[in-house]
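The values are calculated or read from the model by the stated rules, or taken from the named source; none is laboratory data. Just so it is clear, the model here is predicted, and its values are computed rather than measured. As a convention, Cβ positions derive from the backbone with ideal geometry for all residues, glycine included, and neighbour counts pool all protein chains shown.
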Amino acid sequence: MKAAPHGGSPQEGASETDKTSENTRGASDVPVGEISPRYRLFRRSMLAAGRLLLGFTVEGEERVPERGPVVIAANHWRFFDPVFVCMAVPRRVQWMAKKELFIPPLRRFFRFLGAFPVDRQGGGRSAIRAAMSFLSEGWALGMFPEGTRRRLRGISEAAEADAEGAKSGVVMLAVRGGAPIVPVFVGPAPGLLGRLRGERMVARIGEPIVLEKALRGREAYAGAAERVLREIYALGKERSGGMGS
């Protein structure tokens, strides 16, 4: 799941925006800042299962602002990373997702999760406008600065990733939407033997990153995006007995 690149004609963008807005409102039919009873039950159920099977643990949950726009930026190793991030973050999160994912039977699940479709071939202007709309209304927006999934690294290498390839969309939306960026690192999932040894899957949430409102330009955005990605992986270096210790 990632932000789509710029492009496409204004006419196409306007048409796609209408469709995207119509689709996303159905996925967010609750007051801003509120979690629906159904979503709350889903999150609690996933947390219970995660703790039992993976030893899933969240550190720094209190660092997520309770209200107002915020961009949740996380590392991306697995197809179901949005689920793990939603388990870690105590707010309803809206996600950009490539439109190819919205096929039966996954369509309903992704909409329930808060995902809205991105037409990457069409330029993605509608998705950017939808994301800005969510931020202006005070929602949390989930993004992966890496843009696409990286090969899952071993526990010993989990915190050694560099910032190469960081996408600037996360910074652009945060600056234009007046939102802080909250870095989230979701560690490796232990195998069966690892669980028997007491290993746990740990999600760490860092301090919010507040960017300058005057930040502009491709180079400035790229530099800030690299900083965000480094902050995410720096969380992986912290040791709390969760990742192989």
Quick one: E61 ticks every box in (1) touching a Pro at 6+ places or on another chain (Cβ under 8 Å); (2) modelled with pLDDT under 95; (3) of a type in the set (D, E) except a single one, so which number is it?
(2)
For region 85-101, indicate whether the set of residues that are touching a Leu at 6+ places or on another chain (Cβ under 9 Å), surrounded by 14 or more Cβ atoms within 10 Å (Cβ to Cβ) and among the polar types (S, T, N, Q) is non-empty.
yes
Checked against (1) surrounded by fewer than 16 Cβ atoms within 10 Å (Cβ to Cβ); (2) under 17 Å from G142 (Cα atoms); (3) of a type in the set (S, T, Y), Y39 satisfies every condition except (1)
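Conditions tested, residue by residue: (1) in a helix (DSSP H, G or I); (2) under 24 Å from S36 (Cβ atoms); (3) under 13 Å from the mean Cα position of the chain (by Cα).
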| site | (1), (2), (3) |
| --- | --- |
| A97 | no, yes, yes |
| P104 | no, yes, no |
| F110 | yes, yes, no |
| P117 | no, yes, no |
| A127 | yes, yes, no |
| S133 | yes, yes, no |
| G142 | no, yes, yes |
In the set R216, R200, the lone residue that is in contact with a Ser or Thr (Cβ under 6 Å, 6 or more places away or on another chain), at pLDDT 90 or above and not in a helix (DSSP H, G or I) is R200
Please tell me if R67 is assigned to a loop (DSSP other than H, G, I, E, B), exposed (fewer than 15 other Cβ atoms within 10 Å of the Cβ) and at pLDDT 85 or above.
yes
Looking only at residues in region 201-215 that are within 19 Å of G169 (Cβ to Cβ) and surrounded by 12 or more Cβ atoms within 10 Å (Cβ to Cβ), which one is farthest from the chain's Cα centre (by Cα)?
L215
Of the residues that sit in region 159-197 and are touching a Gly at 6+ places or on another chain (Cβ under 6 Å) and assigned to a loop (DSSP other than H, G, I, E, B), which one is modelled with the highest pLDDT?
K167
